[in-house]
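Below is one structure, written out as structure tokens; comments come after it.
The values are calculated or read from the model by the stated rules, or taken from the named source; none is laboratory data. Treat the numbers as computed from the prediction; the structure is a model and nothing was measured. Ideal geometry is used to build each Cβ from the backbone, glycine not excepted, and the neighbour counts take in all protein chains shown. Protein only, heavy atoms only, side chains kept; ligands, DNA and RNA dropped before computing areas. Shrake-Rupley method; radii C 1.70, N 1.55, O 1.52, S 1.80 Å.
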Amino acid sequence: MTKFIRTISLLLLFLFAAGTGGLLHAMKIYNSNCGMVYLCSGDSIVADGDLNVVIPKKKEKLKIIEHPYSAENKILQQQEPSAIDSLIVWSRTAPGRRHTFVYINNTGWCHLAERGPESSVLCYGSKGYYCSGNGGLWYRGKGEMLLLKDGVVHRFGKPDKRVDAKMRRRLEVLFCDNTAVQEYIRSARGRCDKVLRAIPHIK
């Protein structure tokens, strides 16, 4: 009799655990943000209020979330990276700090850190990105700085890597027809990300 009761108790405990697990799965809250999705078709999706977006990582699809910040939240739709021109996101508690993302072929989703008439600077996070409550943006995993010029992506390694003579030579070749940028590059010192982010704004 004791063995029977023990068996029934274990079975009930298993069923309770399985049911609780299913409930927790159903109540998954997606880490999402307010955003604006600009499609290559010329249309746009406003994801603010009852809609949000999940900042995509690597080469995954963009998720549009319905009923964010609640247990009823769910994926309303997904967009292929190739269908998106750009994505702008912001924290609902800091709408004034907005961040742009673009999809780079053979790389994945990148944060567009700076944009200029001649070049743009991007940062790739190997494990995605996080927008904090104060509006700041952080990358997860390993970061990589990219410079986009004339439609070609040039890779410059970790954001905190110190600028050296080799990097300066590469940049001088890329901007051989821009005297102001050349002068800046020759004297540039410090972190890779800060040096690169200054270039698009030099006149």
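Wholly within segment 56-141, which strands (runs of 3 or more DSSP E) include no fewer than the required count, namely at least 2 residues that are open to solvent by 10 Å² or more (accessible area, probe 1.4 Å) and closer than 22 Å to LYS158 by Cβ?
Because the criterion is at least 2 residues that are open to solvent by 10 Å² or more (accessible area, probe 1.4 Å) and closer than 22 Å to LYS158 by Cβ, the strands (runs of 3 or more DSSP E) in segment 56-141 that meet it are 94-104, 108-115, 119-125, 129-131, 137-139.
Any residue that is out of contact with any helix residue (DSSP H, G or I) (no Cβ under 6 Å at 6 or more places or on another chain) and free of Cβ contacts under 8 Å to residues at least 12 places away in the same chain - is there at least one of those in segment 74-91? Scanning segment 74-91 turns up at least one residue that is out of contact with any helix residue (DSSP H, G or I) (no Cβ under 6 Å at 6 or more places or on another chain) and free of Cβ contacts under 8 Å to residues at least 12 places away in the same chain.
Residues in segment 133-142 that are modelled with pLDDT of 95 or more and either within 20 Å of ARG98 (Cβ to Cβ) or in contact with a helix residue (DSSP H, G or I) (Cβ under 6 Å, 6 or more places away or on another chain) (or both): ASN134, GLY135, GLY136, LEU137, TRP138, TYR139, ARG140.
Just so you know, in segment 190-203 the residues that are in contact with a helix residue (DSSP H, G or I) (Cβ under 8 Å, 6 or more places away or on another chain) and not aliphatic (A, V, I, L, M) include one that is surrounded by the fewest Cβ atoms within 10 Å (Cβ to Cβ), and it is LYS203.
The residue of segment 156-189 that is surrounded by the most Cβ atoms within 10 Å (Cβ to Cβ), among those that are among the small types (Gly, Ala, Ser) and out of contact with any strand residue (DSSP E or B) (no Cβ under 7 Å at 6 or more places or on another chain), is ALA188.
Condition check ((1) closer than 23 Å to TYR124 by Cα; (2) among the polar types (S, T, N, Q); (3) modelled with pLDDT under 95; (4) over 27 Å from the mean Cα position of the chain (by Cα)) across all residues:
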{"residue": "PHE175", "(1), (2), (3), (4)": "yes, no, no, yes"}
{"residue": "VAL181", "(1), (2), (3), (4)": "no, no, no, yes"}
{"residue": "CYS192", "(1), (2), (3), (4)": "yes, no, no, no"}
{"residue": "ALA198", "(1), (2), (3), (4)": "yes, no, no, no"}
{"residue": "HIS201", "(1), (2), (3), (4)": "yes, no, no, no"}
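Among the residues of segment 142-151, write down those that are open to solvent by 40 Å² or more (accessible area, probe 1.4 Å) and either over 22 Å from LEU39 (Cα atoms) or assigned to a loop (DSSP other than H, G, I, E, B) (or both). Of everything in segment 142-151, those that are open to solvent by 40 Å² or more (accessible area, probe 1.4 Å) and either over 22 Å from LEU39 (Cα atoms) or assigned to a loop (DSSP other than H, G, I, E, B) (or both) turn out to be LYS142, GLU144, ASP150, GLY151. Residue pairs whose Cβ atoms lie under 6 Å apart, sitting 6 or more positions apart in sequence or on different chains, and linking a residue in segment 44-61 that is farther than 21 Å from ASN105 by Cβ to a partner that is in a strand (DSSP E or B) and open to solvent by 80 Å² or more (accessible area, probe 1.4 Å), are SER44/TYR38. Would you call LEU51 touching a Phe, Trp or Tyr at 6+ places or on another chain (Cβ under 9 Å), at pLDDT 95 or above and either exposed (fewer than 14 other Cβ atoms within 10 Å of the Cβ) or not aromatic (Phe, Trp, Tyr) (or both)? Against the criterion (touching a Phe, Trp or Tyr at 6+ places or on another chain (Cβ under 9 Å), at pLDDT 95 or above and either exposed (fewer than 14 other Cβ atoms within 10 Å of the Cβ) or not aromatic (Phe, Trp, Tyr) (or both)), LEU51 does not qualify.
Can you list the helices (runs of 4 or more DSSP H) lying wholly within segment 164-203 that have 1 or more residues being hydroxyl-bearing (Ser, Thr, Tyr) and without any contact (Cβ under 8 Å) to a residue 40 or more places away in the chain?
Details: elements: 165-174, 179-187, 192-198.
Correct list: 179-187.
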